[in-house]
Amino acid sequence: MRESKLWLLHLLAGAIIFFLLGLHMFIMHLDSILAWLGIGYREPIDAASVFARSRQAFFMVTYIILLGAALYHGLYGLKNIINEMNLSHVIEKVIAGVLTVSGLILFAYGAYTAIFIFVK
């Protein structure tokens, strides 16, 4: 039962990544369509635009959500690939622990950075 919940979260994280990366592609790389509609940034990769976006709460929240979803999706997938190698149960537990701790550290660092830039 626990593994099916984790797998469902894996699928949900994939859907979140799909949506947020689609939004990213639209804002960053289809800027001509947004300019035609009268919204968006003229130069999305210009330093001034990057700094302006990083100070908006919407982008900070979406960056943190995307970070969490991508880390979970990637590390859970990696854990499942490693588990298919039929290692001992103890080694699988150690690897799962290392991936969990690594993911939490990376998430904390990324979220701290996004929040720090937002409040700066």
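Under Stokes-Einstein, with the Kirkwood radius over Cα pairs as Rh, the value for region 20-79 at 20 °C and 1.002 mPa s is 167 µm²/s. Region 91-110 and region 5-60 have Cα centres separated by 27 Å.
Our compactness index for region 1-45, the C-alpha radius of gyration over the empirical 2.2 N^0.38 Å, is 1.73.
The base-10 log of I(q)/I(0) for the chain, evaluated at q = 0.14, 0.16, 0.20 Å⁻¹, reads -0.72, -0.86, -1.11 [Debye formula, identical scatterers on Cα atoms, solvent excluded]. Where in region 50-70 does the amide nitrogen come within less than 18 Å of the point 7 Å from the Cα of residue 43, taken along Cα to Cβ? Zone members listed by number: 50-54.
Checking every one of the GluC sites (Glu not before Pro) in region 1-96 against DSSP loop status and a limit of 12 other Cβ atoms within 10 Å picks out 84.
Loop-located trypsin sites (Lys or Arg not before Pro) in region 53-104 (DSSP state not H, G, I, E or B) with no more than 14 neighbouring Cβ atoms inside 10 Å: 55. Rounded to the nearest 20 debye, the dipole magnitude of the chain is 300 debye, with +1 charges on Lys and Arg beta carbons, -1 on Asp and Glu beta carbons, and the Cα centre as origin.
No lab work stands behind these numbers, since they all come straight from the coordinates. Bear in mind the structure is a predicted one, so any value in this text is a computation, not a measurement. Every residue, glycine among them, receives a Cβ derived from its backbone with ideal geometry; neighbour counts consider all protein chains shown.
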